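The values are calculated or read from the model by the stated rules, or taken from the named source; none is laboratory data. Everything numeric here is computed off the predicted structure, so don't read it as measured data. No Cβ is skipped: glycine too gets one built from the backbone with ideal geometry, and neighbour counts run over all protein chains shown. We work out accessible area using only protein heavy atoms, side chains counted, and drop any ligands, DNA or RNA first. Shrake-Rupley method; radii C 1.70, N 1.55, O 1.52, S 1.80 Å.
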Amino acid sequence: MNAVLLTDIGELTTNDPYHGGPLGVMRDAALVVSDGRVSWIGPAASAPAADERRAMDGRAVLPAFVDSHTHLIFAGDRSAEFEARMAGSPYQGGGISITVARTIAASDDELRTLLGSRMAELRAMGTGTVEIKSGYGLSVEQEVRLLRLAAEATDETTLLAHVIPTADGPSDDVADRGAYVRLFCEQMLPRCATLARWLDVFCEPASPHAFDGDESRAILTAGRSAGFQLRVHGNQLAAGPGVQLACELGAASVDHCTHLEQADIDALAASDTVATLLPAAEFSTRASYPPARALLAAGATVALATDCNPGSSHTSSMPFVIALAVREMQMTPAEAVWAATAGAARSLRRDDVGVLRPGALARLTVLNAPSSVHLAYRPGMPIATVIDID
Ligand code: NIG
Ligand code: FE
């Protein structure tokens, strides 16, 4: 067993309430990693002996970011759609079919290479745990292929019921919306049940491409019976049934939450469903930001994630998301850092990441800065990176 001692940590964010404050911050602390897990945390002065010592030179250390919502497996570029949007076109999800066509046309190796470089990028920006959704395949065979490739990169794989295929797309002989929902429930779910931990539905009656409340309910209830745990894309483009449905069905998370009514906020506050906010999507679609303060005031659990995808949010930078949460959603720096680590871990129902205490996985991020406030204070700067311990 190789024990590595990290010393001279400027500020250690543990997210362990035992150490007090919102982030369980410790100063003059040291931490030991053995066999990939945190084995000791305490005052530097009483640190145990270790095989190796690494000085952090006064830099801040925190649990690696947990990016609990990404669509990382895709091919193709939609920068023209972004350019048109910046000139005033609305975002309705119509461009998804372009990414579907490009993704289906890509070989396994091409997708593997694209995914590998995206994984390297997010790690270099401090993300240590990532959820990856399928959703750019649409047919059973293609969704199975995307989930298999995603599983090479993460344990947190999600089957996404993304959009209704168009007539010229990969149809599986789908005649209409009802036929696709049936195909999803009867064929897609059983084929993907062992490949994905999660099931997610783009519940958005305001989009002609996505699923309405009844269709979403049918898919989610069938998925729950098939053994999936649930997540929902809800209330992204307009108020709608997504948030209430997620809370009612016991989903771990409902993501976007851009357009909420008071009843949605009350339902989130009364449930275990985490409200995952994706402000980089609002940034990239020039939409209004989710009401983070109202959610926090009501007592809802808030997470932050990137939503990295080629249409609505082509970034995998958690520091950028933290900066947006602070600047645009009036979250405090501490609330934003907690939401990007412990909150996002909770949305994945994980207690071994997003927190540093003995037994937790040693997924750590170091900042080229003395405190985590710098994540929002120095927007766009490459100050965060995952620490390689081995
Ligand atoms: O989370 N809303 C649905 N899906 C993605 C966007 C996908 C795309 O535009 O390619 C999202 O924003
Ligand atoms: Fe998404």
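General observations
- Cross-chain or 6+ apart pairs with Cβ under 8 Å, region 257-286 first and under 10 Å from Q244 (Cα atoms) and open to solvent by 50 Å² or more (accessible area, probe 1.4 Å), then among the small types (G, A, S) and away from ligand 2 (no atom under 14 Å from the Cβ): D266/A298
- One residue stands out in region 63-101 among those that are over 30 Å from D352 (Cα atoms), aliphatic (A, V, I, L, M) and in a loop (DSSP other than H, G, I, E, B): the one that is nearest to ligand 1 (Cβ to nearest atom), namely A75.
- For region 8-25, taking the residues that are of a type in the set (G, A, S) and surrounded by 15 or more Cβ atoms within 10 Å (Cβ to Cβ), the one that is farthest from P63 (Cα to Cα) is identified as G10.
- Tabulated pairs, region 204-215, first open to solvent by 60 Å² or more (accessible area, probe 1.4 Å) and away from ligand 1 (no atom under 11 Å from the Cβ), second of a type outside the set (D, E, K, R) and in a helix (DSSP H, G or I), C-beta under 8 angstrom, 6+ apart or interchain: P205/G213
- Long-range neighbours under 7 Å by Cβ, at least six apart or interchain, first residue under 13 Å from S313 (Cα atoms) and of a type in the set (D, E) within region 53-81, second assigned to a loop (DSSP other than H, G, I, E, B) and at pLDDT below 95: E81/G95
- Against the conditions (1) open to solvent by 50 Å² or more (accessible area, probe 1.4 Å); (2) more than 23 Å from L146 (Cβ to Cβ), R102 satisfies every one except (2).
- Test for S313: is it in contact with a Lys or Arg (Cβ under 9 Å, 6 or more places away or on another chain) and within 13 Å of ligand 2 (Cβ to nearest atom): no
- Selection of region 105-114 for residues being assigned to a loop (DSSP other than H, G, I, E, B) and open to solvent by 30 Å² or more (accessible area, probe 1.4 Å) yields only S107.
- Of the residues in region 20-36, none is in contact (Cβ under 8 Å) with a residue 60 or more places away in the chain and basic (K, R).
- Annotation: of all residues in region 115-137 being in a loop (DSSP other than H, G, I, E, B) and either open to solvent by less than 10 Å² (accessible area, probe 1.4 Å) or touching a Lys or Arg at 6+ places or on another chain (Cβ under 7 Å) (or both), the one that is farthest from ligand 1 (Cβ to nearest atom) is G126.
- On the stretch given as region 328-349, residues that are closer than 22 Å to M26 by Cβ and either open to solvent by 10 Å² or more (accessible area, probe 1.4 Å) or free of Cβ contacts under 8 Å to residues at least 60 places away in the same chain (or both) total 8.
- Options E52, E83, E110: the member that is of a type outside the set (K, R), within 30 Å of D212 (Cα to Cα) and at pLDDT 95 or above: E83
- Among the candidates L183, L268, residue that is over 19 Å from E131 (Cβ atoms) and either touching a strand residue (DSSP E or B) at 6+ places or on another chain (Cβ under 8 Å) or aromatic (F, W, Y) (or both): L268
- Residues in region 358-390 that are in a loop (DSSP other than H, G, I, E, B) and surrounded by 18 or more Cβ atoms within 10 Å (Cβ to Cβ): A360, A362, R363, A369, S372, V373, I383, I387.
- Residue within region 311-327 that is in a strand (DSSP E or B), modelled with pLDDT of 95 or more and open to solvent by less than 10 Å² (accessible area, probe 1.4 Å) present: yes
- In region 244-251 there is no residue that is open to solvent by less than 30 Å² (accessible area, probe 1.4 Å) and acidic (D, E).
- Considering residues of region 287-310 that are open to solvent by 10 Å² or more (accessible area, probe 1.4 Å) and in a helix (DSSP H, G or I) only, the residue farthest from ligand 2 (Cβ to nearest atom): A297
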